[in-house]
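These notes concern the structure reproduced below.
Only the coordinates and a few stated rules stand behind these numbers; no lab work does. Not measured: the values here are computed from a predicted model. Note: ideal-geometry Cβ built from the backbone for every residue, glycine included; neighbour counts use all protein chains shown.
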Amino acid sequence: MTVAIPLSIREALDALSNTPDARLIQGGTDMMVEINFNHLKPHNMIALRRVQELRTWTKNADNTLTIGSGVPYQEMETGELKQLVPALAEAARTVGSPQIRAAGTLGGNLGTCSPAGDGLPVLFALDAIVHLQSADASRKLSIHDFMVGVKRNARNANEIITGVTVPLLDGWQGYAKVGVRNAMVISVASACLAIDKPTRSVRIALGAVGPTIIRCRDAEVWLSEQIDISASTAIDAAVAKEFGRRVALESKPIDDHRSTAEYRRHAVGVLAQRLITRASSS
Amino acid sequence: MNEPLGNEMYTLHINGQDRPVRDAWVGESLLYVLRERLDLPGAKGACEQGECGSCTVLMDGDAVCSCLVMAATAVGSNIVTVEGLIEQNPTMAVTAQAITSQVTDVQQAFIEEGSVQCGFCTPGLIVAVHHLLDKNPDPTELEVKESISGNICRCTGYGRIFAAVEAVVQVRKANS
């Protein structure tokens, strides 16, 4: 087994060409658990933690934001990133513990592609674009095409996830999750709501209630017909409740060691109702 | 980029010293390497999955779970374990007692406030509290709680730990 520690994307891609079977590791908060418990015995590793290019973010001229795959969650929780993408800050703050948030990254969340990944519902609600780079090409993929199943994504073995681009919306956005306690918990159900007033769009994405993150297109359309999204008007409690019920109908949860399908469906409806109520009262 | 590391040797920078790691499988966690290869047993191994915080160390100024760091990937990083806190804080306010007993002000406060019962979580908490107070000398109650939310203690109920943090805040304020 070898471990390569590249200092640039170019060096990382060279390392990947030299050892095509290598596993890419970012913060290590998922993969090291598998290695510690002997569920994974990698032949070769490429550690991306020292690639500074991946640890930066940029505000683009077209009112979008590109976040490098190596930016740790702790950087999204506060400061300018929190102002720009509040829902991502809220999601980041629910990830594990301060120790996990110092190490864990959005790139790792995308690489692992767990339906319970806390960053992913935000990326789905914002219609994020994932940036992938190989030795001789780069491509952009919608997050909706990137995540294809439970812990499965469309990344090719010769590609590195370099970052994501999200639009900077004009409207309320937030994230909520249910777990067995307040800190240090993997989602039982989660939801991200984002409103964009200029385009009169409301987006809601659900985590941990299906094989991929789920966008509730029917509930989104229904809600946009009930309220004037371009205005900051209060939303009727009955509308919020019905929105929750419709969102729950679009979830596809299963029973597993963390919860039951029945509870997840109920919880995700409550989360949607709470999010739209928070949006309405802000 | 240097040549990829194999199983022969790599060197970590820990508590201000270069520490060679020889003949080790490169997939080992930093926690394992600290405890089993470098004779630094301060960081404790409990859950091995980042849930308990008893293995917390500082890495390039961040508090991280050493069980979730592949040791070989920490080459070039500045690592501080609980054993190294006293050398790493030469300017911090330490009480006369703390100096004579070679413990930091946080450790001294844990002793005085009775914040230690079984003691297994203590080294991780000490590192986490140092990390908090070095960045935020006057934290709110919520900030203290959030900063140690990744350090699980099943004995104390946390009350005496919060008391120790408050005691350090007051001592450092008085000495600054």
In nm, spacing of pseudo-spin labels at A:Arg139 and B:Asp138 (7 Å Cα→C-beta vector) | 5.6
What is the Cα centroid distance between region B:1-70 and region A:1-71, reported in whole angstrom?
-> 18
Give the long-range amide H neighbours of A:Ile46: residues separated by 5 or more places, or on another chain, with amide H under 5 Å away, using H modelled in the peptide plane at 1.01 Å from N.
-> A:Ala4, A:Arg23, A:Leu24, A:Ile25
Arranged by the count of other C-beta atoms within 10 angstrom, fewest first, what order do A:Ile204, B:Ile161 take?
-> B:Ile161, A:Ile204
The set of residues whose placed amide H lies less than 5 Å from the amide H of A:Trp57, leaving out same-chain residues fewer than 5 positions away, is A:Gly68
What's the exposure ranking of B:Lys173, A:Lys82, going from fewest to most Cβ atoms within 10 Å?
-> B:Lys173, A:Lys82
Expected integer from the mean partner chain Cβ neighbour count at 10 Å over B:75-87 is 1
For chain B, modelled as a Gaussian network with Cα springs under 10 Å, which listed residue fluctuates most, B:Asp138, B:Asp105, B:Asp39?
-> B:Asp39
Out of all DSSP beta bridges with both ends in the protein assembly as shown, state the antiparallel percent to the nearest 5.
-> 85
Counting only Cα, what are the radius of gyration and maximum Cα-Cα distance Dmax of chain A, in Å?
-> 18.8, 60
Between A:Arg217 and A:Val180, what length comes free when the chain is fully extended (0.36 nm per residue of separation minus the Cα-Cα distance, one decimal in nm)?
-> 10.5 nm
³J(HN,Hα) across region B:37-54 via Karplus (A = 6.51, B = -1.76, C = 1.60, θ = phi - 60°), whole Hz, x for Gly/Pro?
-> 10, 10, 6, 10, x, x, 5, 9, x, 10, 8, 6, 9, x, 8, 9, x, 6
Average partner chain C-beta neighbours within 10 Å, per residue of B:56-69?
-> 5
Arrange A:Trp172, A:Trp222 by Cβ neighbour counts within 10 Å, fewest through most, would you?
-> A:Trp222, A:Trp172
Can you give me the Cα centroid spacing of region B:111-167 and region A:166-211 in angstrom?
-> 32
Could you work out how far apart the two model spin labels at A:Glu80 and A:Thr64 are, taking each label as a point 7 Å from the Cα in the direction of the beta carbon, and quote it in nm?
-> 1.9
Cα-Cα pairs in region B:89-175 separated by more than 22 Å, as a whole percent of all pairs, come to 17
Most fluctuating of A:Met32, A:Met45, A:Met76 in the GNM of chain A (C-alpha, under 10 Å) is A:Met32
Normalised by the residues of chain B, what does the relative contact order come to in percent, with Cα pairs under 8 Å and at least six apart?
-> 22
Taking chain A and counting helices only, DSSP H stretches of n ≥ 4 at -39,500 (n - 2.57) each over all residues, the nearest-500 ellipticity at 222 nm comes to -10000 deg cm²/dmol
Largest first and rounded to whole Å, the semi-axes √(5λ) derived from the alpha carbon gyration tensor of region A:1-52 read 20, 13, 6
What is the gain in length, in nm to one decimal, between A:Lys41 and A:Asp21 on full extension, counting 0.36 nm per residue of separation less the C-alpha to C-alpha distance?
-> 6.0 nm
Could you pull out the pairs from A:Lys197/B:Lys145; A:Lys82/A:Lys252; A:Lys82/A:Lys197; A:Lys82/B:Lys135 whose alpha carbons sit more than 25 Å apart here?
-> A:Lys197/B:Lys145; A:Lys82/A:Lys252
Among the aspartates and glutamates, select those whose C-alpha is under 14 Å from the C-alpha of A:Lys241, and discard any that sit fewer than 8 residues away in the same chain.
-> A:Glu220
Charge dipole (debye, nearest 20) of chain A; +1 at Cβ of Lys and Arg, -1 at Cβ of Asp and Glu = 460
What average number of partner chain Cβ atoms lie no more than 10 Å from the Cβ of the residues making up B:48-55?
-> 5
How compact and how long is chain B, expressed as Rg and Dmax of its alpha-carbon atoms in Å?
-> 16.5, 51
Two pseudo-spin positions, 7 Å from Cα along C-beta at B:Asp39 and at A:Lys252, lie apart in nanometres by 5.8
What the 5 Å binned alpha carbon P(r) of region A:173-281 shows, as percent of pairs per bin from 0, is 2, 14, 25, 25, 17, 10, 6, 2, 0
